[in-house]
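The values are calculated or read from the model by the stated rules, or taken from the named source; none is laboratory data. What you see is a predicted model, and the numbers here were worked out from it, not measured in a lab. Glycine also receives a Cβ, built like all others from the backbone with ideal geometry; neighbour counts cover every protein chain displayed. Heads up: the accessible areas ignore ligands, DNA and RNA and are worked out on the full protein's heavy atoms, side chains in. Shrake-Rupley method; radii C 1.70, N 1.55, O 1.52, S 1.80 Å.
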Amino acid sequence: MPDMEFLKNFPFFEHLNEQELEDIAAVITTKVYNKGVNLFWENEVGNELFIIQSGAVKIFRHQEGREIILALFRQGDFFGEMVLFGDEKVRSASANTLEKTTVYILKKEHFLQLLNKNPNIFIKILNTALERLRQANEQIANLSMTSAYARIARLLVRLTQSPEADRVLGLKLTHHQMADMTATARETVTKVLSDMQSKGYIRIVNRQIHITDLEGLMTAAGLE
């Protein structure tokens, strides 16, 4: 049974009444995946929307023999929505868990029934899709117009979650994964992180990256 409090606070469902929430909960499937499991593959036929109740998922594609990480999603995020609209049936990318992850799965037929009753949900999805498009365009510009050092710095700034002075990245990413997200070599990531640590921008403890000088890191990223 899905967590009703989570559903109530999820942006798509926040305007639903108790009965409508119960109706949605009744058709949602809950699945738990271990780390490193593929939820679906690029070009695979699909008809489900995924909502992350806990954990983390990477969205990626393979290009010229290399994995390109397009996005990282965490608790409260959703993905897989493109196959819910129009005649689109094929996944445009693959999804893989970065840690143990619990997802709620809503099939297309049930989602469309919900959409018919509550059209405002479409506006929320559209706004999210536009923001993701903006971020994707920004990421493409970063790859073509900035140095490897700046791209890695921007990635760290983007992934920083904690409001405290010693901010912690929400995920433990390998140097290989960071390289895939910034179009650099793993060795370059290792050298850049080492330099950032020596300059006091970050501190690495048990493979967890702490941001100790956000202003300095933002300057290195070209964001100030």
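In the stretch 63-85, how many are acidic (Asp, Glu) and under 9 Å from the mean Cα position of the chain (by Cα)?
The qualifying residues number 1.
Would you be able to tell me the number of residues in the stretch 104-123 that are open to solvent by less than 30 Å² (accessible area, probe 1.4 Å) and aromatic (Phe, Trp, Tyr)?
Number satisfying all stated conditions: 2.
Scan Glu18, Glu44 and give me the residue that is open to solvent by 30 Å² or more (accessible area, probe 1.4 Å) and more than 25 Å from Asp180 (Cβ to Cβ).
Only one candidate qualifies: Glu18.
Could you go through the stretch 51-61 and let me know if any residue there is more than 16 Å from the chain's Cα centre (by Cα) and surrounded by 18 or more Cβ atoms within 10 Å (Cβ to Cβ).
no
Residue by residue through the stretch 138-169, note down the ones that are modelled with pLDDT under 65 and either in a loop (DSSP other than H, G, I, E, B) or within 15 Å of Gly216 (Cβ to Cβ) (or both).
Matches in the stretch 138-169: Gln161, Ser162, Pro163, Glu164, Ala165, Asp166.
Go over the candidates Lys124, Lys108, Lys117, Lys172 one by one and state the one that is at pLDDT below 90, in contact with a Pro (Cβ under 9 Å, 6 or more places away or on another chain) and of a type in the set (Lys, Arg).
After ruling out the rest, the residue left standing is Lys124.
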